[in-house]
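To keep things clear, I will list the structure first and then write my remarks on it.
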Amino acid sequence: MKAFVLCRYGPPDLLELTDTPGPVPADDEVLVRVRATSINPYDWHNMRGEPYIARLMPGGLGLRGPKLGILGCDAAGQVEAVGRGVTRFRPGDDVFALLEQGGFAEYVTVHEALLATKPGNLSYGQAAAVPTAAVTALLGLRDAGQLQPGQKVLVNGASGGVGTFAVQIARALGAKVAGVCGPHSADLVSSLGADEIIDYTTEDFTRTGQRYDLVLDVAGTRSADACRRVLTPKGTFVSVGGPAGRWLQPVGHMFATLALAPLASQRMAMADTVRCTQKRQNLEALTQLIEDGKVTPAIDRCYPFEQIPAAIKYQEQGHARGKVIVAL
């Protein structure tokens, strides 16, 4: 099969499109022919080995070189073959998955528990946009944020991959939503259901005087302590990401949230997709929202498979409105 292989840390141009042996599914795995994948910050953090502190963390990036040979944590496609112990899928089924690695290839093996049936009203490209970004938004709002109907939510970074899903999921859960974004993304965020748009180029959302039950911080442009100013007395701050950096960020921004938690009167939490054990159930919950017409992936650009390095370069710039996807 053809795959983009990462042999050492560095820029996207170091990804090599090579012929490599196809994977063989274990008894509890499914072999998926990848029809589409998408680009996430997870990919370029692993590609560049940044932030450097993550190379020293248990379970983090490799110290001297990348742990992951084939990047890509989202995939949508068709079941090609199944292991002997697989009972939920059969060859020909349309599926999508949240992976640790392997999406930047023509085939990938996936544990049955990480796989779900593709939403029937989405293309492969649209479905590939969902897993990492939408699950992150869902965990941040529903689980870490404990969002309830009628509450007010502010999404900082509402126009990116996670943010565009967060606006829609919050509305689907019965909340009123304020989205923080740039002026060129205001129409998009509004069309996704935001009740209020805050233009970060002209207004500091931490000083508007408004109060919210939940702040979902995707962009990390303000400190957790500053964000507390816009929370109700019993409100919740959820950190999803933060500004990119070579040495510490976004890890430092998220650690600061954890350090503040024991000292703050409001709840301070993080959305953790890595340690989440209910990946299939979360994908199925999202499928229900998608098929009910409450959530639709916002796609910025679609690249052909051979241009994955260019897709990563574009996503790294931080200006994508919604998701960047790749079609095979």
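Which FRET efficiency, nearest 0.05, do THR87 and GLN278 yield, Cβ-Cβ r, R0 22 Å? Intermediate results must be reported in sequence, preceding the final value.
Values: r = 19 Å, r/R0 = 0.85.
Approximately 0.75, to the nearest 0.05.
Just want the answer: with Cβ charges of +1 for Lys and Arg and -1 for Asp and Glu, which residue in ALA320, MET1, LEU31 is farthest toward the dipole's positive end in the chain?
Of the listed residues, the answer is ALA320.
Positive end of the charge dipole of the chain (Lys, Arg +1 and Asp, Glu -1 on Cβ, about the Cα centre): tell me which of THR87, GLN307, THR164 has its Cα farthest that way.
Positive-most Cα among the choices belongs to THR164.
ASP143 accessible area, nearest 10 Å², 1.4 Å probe?
So the heavy atoms of ASP143 present about 70 Å² to solvent.
Per DSSP H run of at least 4 residues, take -39500 (n - 2.57); add these up for the chain, divide by its residues and hand me the 222 nm value, nearest 500 deg cm²/dmol. Intermediate values should be presented prior to the final figure.
Working: 9 runs with 75 residues, N = 328.
Using -39500 (n - 2.57) per qualifying helix, the result is -6000 deg cm²/dmol.
Please express the Cα-Cα pair-distance distribution P(r) of the range 164-205 as a list of whole percents, one per 10 Å bin, running from 0 to the bin with the greatest distance.
34, 53, 13
Once you charge only the Cβ atoms, +1 for Lys and Arg and -1 for Asp and Glu, what is the size of the charge dipole of the chain about its Cα centre, to the nearest 20 debye?
Working: 32 positive and 32 negative charges, 146 e Å.
That gives a dipole near 700 debye.
Determine Rg/Rh for the range 91-216; Rg is computed over alpha-carbon atoms and Rh is the Kirkwood hydrodynamic estimate from the same atoms.
Ratio of gyration radius to Kirkwood radius: 1.05.
Report, by chain and number, residues whose modeled amide H sits under 5 Å from the one on MET270, excluding near sequence neighbours (fewer than 5 apart, same chain).
Distant-sequence amide H within range of MET270: SER239.
State the Kirkwood hydrodynamic radius of the chain in Å, one decimal place, computed from all pairs of distinct Cα atoms.
Working: mean 1/r = 0.0501 Å⁻¹.
It is 20.0 Å.
Please tell me which of these pairs span more than 27 angstrom C-alpha to C-alpha: LYS2/LYS313; LYS118/LYS294; LYS2/LYS323; LYS118/LYS176; LYS294/LYS323? Walk me through the numbers before you get to the answer.
Working: LYS2/LYS313 21 Å; LYS118/LYS294 16 Å; LYS2/LYS323 24 Å; LYS118/LYS176 29 Å; LYS294/LYS323 17 Å.
The answer is LYS118/LYS176.
What is the set of long-range amide H partners of HIS111 at a cut-off below 5 Å, with H atoms built 1.01 Å from backbone N?
VAL30
The values are calculated or read from the model by the stated rules, or taken from the named source; none is laboratory data. Note that the coordinates shown come from a computational prediction; the quantities given were computed from them, not determined experimentally. FYI the Cβ positions are ideal-geometry reconstructions off the backbone, even for glycines, and counts take in every protein chain you see. Remember, those area values only see protein heavy atoms, side chains included, never the ligands or the DNA or RNA. Shrake-Rupley method; radii C 1.70, N 1.55, O 1.52, S 1.80 Å.
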